[in-house]
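The values are calculated or read from the model by the stated rules, or taken from the named source; none is laboratory data. Owing to the predicted nature of the structure, the values given are computational and were not obtained by experimental measurement. In this analysis, Cβ positions are derived from the backbone assuming ideal geometry, glycine residues included, and neighbour counts consider all displayed protein chains.
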Amino acid sequence: MDTDRHEVALSVNGIRYTRHIESRLLLSDFLRHDLGLAGTHVGCEHGVCGACTVLLDGQPVRSCLMLAVQANGHEISTVEGLAGKNGAYHPLQQAMHDHHGLQCGYCTPGILMTMTAFLDENASPSEDEIREALSGNLCRCTGYQNIVDAVMTAAMRMRG
Amino acid sequence: MHLSDFQIGYKRLDFLTCPGGRLILRARRRAEARDDRVTLLASAMKPAPFKYIAASSLEHALALKAQHGDDAKFLAGGQSLIPAMNFRLARPAIIIDINEIGGLAGIRPRAGAVGVGPLTRYRALQRDTSFAELFPLIREALPHIAHPQIRNRGTIGGNLSHADPASEFPAIALALRARFRVQSAKRERWIDASNFFAGALTTDLRPDEMLVEIELPSPKPRTGACFMEIARRRGDFAIAGIAAMVTLGERDECAEVRLALCGVGETPVDASSAADGLIGQAPSEPAIREATASLQGMIEPSGNVHATADYQRHVAGVLAERALMTACQRVQDGH
């Protein structure tokens, strides 16, 4: 069968990519298989678990609920772009490490992308606000408490 | 692990059990490296194949829909359509992406009403403080609609056209007496929210039409609003949800009551007539209870894995009572 293919040009973590892809390829699979950025995890693939969360023009979205062709001309950020150029952790990554905010780590990339964007807009969040912001990311290991603690600590450190 | 990964792994395992399989595998690996990648990519596709067209203008999108009718689906936020396609419950032959069309998103206040573009995302409504102040009902409901990531992407027009009866916005549109402007390549017409929702996931939209504007009448003075729902988890579809608006007269009597429910039927349910007895009366507790009992008799929830029909009806009654009381209190408190 003829496949419907399109050229996409987009930026991921500041790097420009141009690819010729099939229209039904999801953004999550494009990042993982075409660009080799397997840090974006794929859990439920229907928008429930949040593991595949990436930033589209700075806003967290489910990459499994977007076609890769739709990212044409847009900027995507993934977990691979969080750490500094020298390899230093983002303050939230460091806080997740310090507070044992992950166990198996499967949900972690999605949580990091959701919550770094949240912290950019909320320098002093309350615990309730953090829980509300986290509501779209499922974690089956931690019980969330350590993640909430990590986000609180990251917020404090980022305020300086 | 994807099923596709598993299948490829299995194929390799097969090779290893053959005599000399390892050598064959090594030789084939190089030859297949490219093929394997193609196999992996092809099998990694969740949706069935379709033709994708990014519409360049509203006219372009409507011309395409006129040409392809029900074979084509508009892609707005994709937060309901793409999951359905991932499961292959939906297999549209043609996807008309309207996301890059300028002017389809936006909040346009005008005399006595606000026009909302269909591509307006939930997040835009949450962030527009004057819109949120004008429609406290919507402000209160928005945090219940899915999750931040979905609100960043999901659109009002997509939500209403999808017409999930469990969704919050169709009920809100009923409560607010919204009107929808729909357009095809040939004509334009207005549909009242009360005539728009025809059944579960079914609307009055014809195959060549698009919902192009949602008109929300500004609430009258001395109107209190309240949105409440009960869901198993934050962001889940509700067991039952209610949008209530009460307008009080000069003597604090009920002048108008709007009640609409989500999650308790094949469509969002306008249950305003349950409160007919309240009109002209002070919103006393017994009068509100009577309206609530009447509302419970009007709905026919189907029950689901999380709640029996009786429990849904019970929850709807409890929420209606609380929402009516809260809405009245809010008028009297002046907000």
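May I ask you to list the residues in the stretch A:131-160 that are among the hydrophobic types (A, V, I, L, M, F, W, C) and farther than 22 Å from A:His41 by Cα?
A:Met152, A:Ala154, A:Ala155, A:Met156, A:Met158
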Q: Return the residue satisfying two criteria in turn: it lies in the stretch A:112-160 and is among the aliphatic types (A, V, I, L, M) and exposed (fewer than 15 other Cβ atoms within 10 Å of the Cβ), and of such residues it is farthest from the other protein chains (Cβ to nearest Cβ).
A: A:Met156
Q. Do we have B:Arg108 as assigned to a strand (DSSP E or B) and either within 12 Å of another protein chain (Cβ to nearest Cβ) or exposed (fewer than 15 other Cβ atoms within 10 Å of the Cβ) (or both) here?
A. yes
Q) Residues in the stretch B:111-128 that are among the aliphatic types (A, V, I, L, M) and part of a loop (DSSP other than H, G, I, E, B): how many? A) 2
Q. Any idea which of (1) closer than 26 Å to B:Thr155 by Cβ; (2) surrounded by 17 or more Cβ atoms within 10 Å (Cβ to Cβ) is the one A:Asp57 doesn't satisfy?
A. (2)
Q) Is the stretch B:131-152 home to any residue that is in a strand (DSSP E or B) and of a type in the set (Val, Ile, Thr)? A) no
**Q.** Residue among A:Gly110, A:Gly105, A:Gly73 that alone is under 22 Å from A:Arg157 (Cα atoms) and of a type outside the set (Ser, Thr, Tyr)
**A.** A:Gly110
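So, in the stretch B:255-275, exactly how many residues are under 29 Å from B:Tyr311 (Cα atoms), outside any loop (DSSP other than H, G, I, E, B) and either modelled with pLDDT under 95 or not polar (S, T, N, Q) (or both)? If you could, list the steps in order and put the result at the bottom.
Narrowing the stretch B:255-275 to residues under 29 Å from B:Tyr311 (Cα atoms): B:256-275.
Right, trim to outside any loop (DSSP other than H, G, I, E, B) and you get B:256-262, B:269-270, B:272-275.
Now drop any that are not either modelled with pLDDT under 95 or not polar (S, T, N, Q) (or both), which leaves B:256-262, B:269-270, B:274-275.
Residues meeting the conditions: 11.
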Q. Could you count how many residues in the stretch A:60-109 are on the phi > 0 side of the Ramachandran plot and touching a residue at least 24 places away in the same chain (Cβ under 8 Å)?
A. 2
Q) All but one of (1) surrounded by 16 or more Cβ atoms within 10 Å (Cβ to Cβ); (2) assigned by TED's automatic domain parsing to the domain that holds A:Asn137 hold for A:Val48; which doesn't? A) (2)
Q.
With the requirement that a residue be more than 23 Å from A:Asp120 (Cβ to Cβ) and more than 8 Å from every other protein chain (Cβ to nearest Cβ), what does the stretch A:60-71 give you?
A. A:Ala68
(Q) Residue pairs, Cβ under 9 Å, 6 or more apart or interchain, first in the stretch B:113-125 and within 16 Å of B:Leu75 (Cβ to Cβ) and within 14 Å of chain A (Cβ to nearest Cβ), second assigned to a loop (DSSP other than H, G, I, E, B) and of a type outside the set (Gly, Ala, Ser). List them. (A) B:Leu119/B:Ile98; B:Leu119/B:Asn99; B:Leu119/B:Ile101; B:Leu119/B:Leu104; B:Arg121/B:Asn152; B:Arg121/B:Arg153
Q. Quick one: in the stretch A:24-57, which of the residues that are charged (D, E, K, R) and within 18 Å of A:Cys107 (Cα to Cα) is farthest from the other protein chains (Cβ to nearest Cβ)?
A. A:Arg32
Q. How about the stretch A:72-92: which of its residues are buried (at least 23 other Cβ atoms within 10 Å of the Cβ) and either within 14 Å of chain B (Cβ to nearest Cβ) or more than 21 Å from A:Asn146 (Cβ to Cβ) (or both)?
A. A:Ile76, A:Thr78
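Of these, A:Asp128, A:Asp57, which one is among the acidic types (Asp, Glu), under 30 Å from A:Asp4 (Cα atoms) and without any contact (Cβ under 8 Å) to a residue 60 or more places away in the chain?
Details: A:Asp128 fails: under 30 Å from A:Asp4 (Cα atoms).
A:Asp57 is the lone residue from the list that is among the acidic types (Asp, Glu), under 30 Å from A:Asp4 (Cα atoms) and without any contact (Cβ under 8 Å) to a residue 60 or more places away in the chain.
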Q) Limited to the stretch B:73-89, what total is found for residues that are more than 8 Å from chain A (Cβ to nearest Cβ), out of contact with any strand residue (DSSP E or B) (no Cβ under 7 Å at 6 or more places or on another chain) and in a loop (DSSP other than H, G, I, E, B)? A) 3
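Check the stretch B:143-150 and report whether any residue there is more than 14 Å from chain A (Cβ to nearest Cβ) and touching a strand residue (DSSP E or B) at 6+ places or on another chain (Cβ under 6 Å). Show your work before the answer.
Taking the stretch B:143-150 and keeping what is more than 14 Å from chain A (Cβ to nearest Cβ), we get none.
No.
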